[in-house]
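To start, the structure under review is shown below, and the notes come after it.
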Amino acid sequence: MECDKKYITIQQLEQHNKPGDLWVSINGKVYNVSDWSKYHPGGETPLLNLAGKDVTDAFTAYHPATAWQYLNKFFTGYRLKDYKVSEVSKDYRNLIHEFTKAGMFENKGMAWIQSAYIGHDSGHYIVMSGHGWNKLVQLITGNCLTGISIAWWKWTHNAHHIACNSLDCDPDLQHIPVFAVSSWLFNSVTSSFYGRKLEFDYMARILISYQHWTFYPIMCVARVNLYIQTLLLLFSKRKVQDRTLNIMGIIVFWTWFPLLVSWLPNWSHRVMFVLTSFVVTSIQHVQFCLNHFSANVYVGPPNGNDWFEKQTNGTLDISCSPWMDWFFGGLQFQLEHHLFPRLPRCHLRQVAPLVKDLCNKHNLPYKSLSFWEANELTIRTLKMAAMEARDVNNSGVSKNFLWEAVTIHG
């Protein structure tokens with residue numbers, strides 16, 4: 001009976017927003033996931049970013065219908081008082097329902113796009129039908145074949161999806177001392193993801209002052225950073241899921257890859273081979289920067305109840321002909337991927353017009369540029385921040401910092 005139901009306010013829910021006391025709301029029902037967060041397949045970070053909030057849209061985006069049956073054991077007995085669903089969320093959930101009915105989430109397709117993206121897809125559990133098989137594909141395509149830990153990828157990538165373009169929560173925008181997309185970062189903000197201050201010191205100021213020139217050269221060797229980040233995580237004190245399996249996979253890579261390089265006739269050939277492999281993979285690094293570096297940013301964790309809006313503001317699509325889908329891996333439809341991360345990439349072009357219509361209906365941005373235009377805009381964004389870095393006075397405050405504080409999204 002309705003009178004027997006217990007309710008809490010959104011303000012009361014927000015008090016349960018830390019490790020060991022982590023509550024969330026899904027469809028108006030309140031769940032205590034404090035203990036479960038340590039075992040969450042997507043990691044603890046996404047839950048911490050959305051702790052104390054309604055997470056219905058994020059939960060629906062990331063979980064199949066079969067996941068709902070497991071929620072009851074976390075139910076607190078409380079419901080959210082005055083729970084309402086926005087018109088944007090209603091339309092968004094209806095789209096997910098239609099895609100589910102059409103079987104689009106289950107139709108995995110074939111590896112019709114660059115094999116380099118299979119690791120990405122398996123990380124989103126959209127390659128194989130079973131969780132265990134997906135994990136096997138993750139370890140093979142990520143750790144064994146590329147030398148990049150799938151544990152590191154899921155740790156950072158899930159946080160990026162949940163807190164898309166948050167300057168202090170999204171690790172994909174936290175590249176100081178090398179890059180900064182906003183002068184807000186000149187204030188040495190504390191990263192809630194890494195748990196440390198992102199120091200904007202003298203060296204960072206120098207490097208960022210020329211970032212619009214160094215962007216492409218650095219992208220050519222950006223893979224080295226991923227190797228380093230992998231090792232830093234796997235041998236850190238952080239809790240890492242399947243740490244042993246990940247380390248074993250990395251050992252496999254650092255066995256076969258140096259052995260392969262050693263078979264080349266001389267050192268000049270070996271160096272050129274390694275550098276060429278880095279340059280080829282830089283296409284991916286550049287593309288993902290284009291998708292986000294010039295999009296809107298904000299400060300703080302996501303609100304949870306503006307999932308659709310945050311994704312549209314923080315992403316930019318790259319328009320191209322269908323025959324170029326292979327080159328871009330399908331992920332040029334970055335907004336569509338962020339809204340429907342479980343959707344196989346072969347369907348992203350198909351759903352793009354529906355997403356655009358929904359954005360137009362609710363007066364939300366739908367940004368789609370050509371590859372050339374996206375590069376221009378990204379370099380312009382980097383140059384703007386570079387010029388502001390040069391203007392930072394002795395106190396470490398940019399002349400344009402106040403302006404950005406007023407105009408920043410969030």
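The values are calculated or read from the model by the stated rules, or taken from the named source; none is laboratory data. Keep in mind that this is a model prediction, so the values were computed, not measured. Cβ atoms come from the backbone with ideal geometry, glycine included; neighbour counts cover every protein chain shown. Only protein heavy atoms, including side chains, enter the accessible area calculation; ligands, DNA and RNA are left aside. Shrake-Rupley method; radii C 1.70, N 1.55, O 1.52, S 1.80 Å.
Structure summary
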{"item": "Anisotropy class of the stretch 293-376 from Cα gyration tensor, a/c 1.5 cut", "result": "prolate"}
{"item": "Restraint check, 38/73; 29/356; 38/135, Cα-Cα greater than 24 Å", "result": "29/356"}
{"item": "Percent carbon-and-sulfur accessible area, the chain, ignoring ligands, DNA and RNA, probe 1.4 Å", "result": "62 percent"}
{"item": "Positive dipole terminus of the chain, leading residue within 386, 370, 105 (C-beta point charges)", "result": "105"}
{"item": "Accessible area of the stretch 6-102 divided out per residue, in Å², using a probe of 1.4 angstrom", "result": "52 Å²"}
{"item": "Inter-centroid distance (Cα atoms) of the stretch 219-239 relative to the stretch 335-394, Å", "result": "26 Å"}
{"item": "Separation of alpha-carbon centers, the stretch 281-333 and the stretch 245-266, rounded to whole Å", "result": "32 Å"}
{"item": "Alpha carbon centroid spacing (whole Å) that separates the stretch 33-82 from the stretch 145-217", "result": "27 Å"}
{"item": "Simple spin-label estimate for residue 87 and residue 255 in nanometres, 7 Å along Cα-Cβ", "result": "6.0 nm"}
{"item": "Positive-end residue, the chain charge dipole about Cα centroid, Cβ charges, pick of 151, 25, 51", "result": "151"}
{"item": "Debye, to nearest 20: dipole size of the stretch 6-102, +1 on Lys, Arg Cβ, -1 on Asp, Glu Cβ", "result": "280 debye"}
{"item": "Cα-based Rg / Dmax (Å) for the chain", "result": "21.8, 80"}
{"item": "At q = 0.27, 0.32 Å⁻¹, base-10 log of I(q)/I(0) for the stretch 334-382 (Debye sum, equal scatterers on each alpha carbon)", "result": "-1.00, -1.09"}
{"item": "The chain - mean residue ellipticity at 222 nm from DSSP helices (-39,500 (n - 2.57) per run, n ≥ 4, rounded to 500)", "result": "-14500 deg cm²/dmol"}
{"item": "Qualifying aspartates and glutamates (Cα of each under 19 Å from Cα of residue 53; at least 8 residues distant if same chain)", "result": "14, 21, 35, 44, 82, 87, 168, 170, 306, 309"}
{"item": "Dipole magnitude of the chain, debye to nearest 20 (Cβ charges: Lys/Arg +1, Asp/Glu -1, about Cα centre)", "result": "700 debye"}
{"item": "In nm, spacing of pseudo-spin labels at residue 71 and residue 228 (7 Å Cα→C-beta vector)", "result": "4.3 nm"}
{"item": "Relative packing of peptides 157-164, 194-201 - highest average C-beta neighbours within 10 Å first", "result": "157-164, 194-201"}
{"item": "Added length on full extension, which subtracts the Cα-Cα distance from 0.36 nm per residue, residue 360 to residue 21", "result": "118.1 nm"}
{"item": "Extended-chain gain in nm, criterion 0.36 nm per residue less alpha-carbon gap, residue 271 and residue 391", "result": "39.3 nm"}
{"item": "Protection proxy ranking, peptides 341-350, 144-153, average beta carbon neighbours within 10 Å, highest first", "result": "144-153, 341-350"}
{"item": "Gyration tensor (alpha-carbon) shape descriptor, the stretch 162-291, a/c threshold 1.5", "result": "oblate"}
{"item": "Added length on full extension, which subtracts the Cα-Cα distance from 0.36 nm per residue, residue 214 to residue 380", "result": "58.4 nm"}
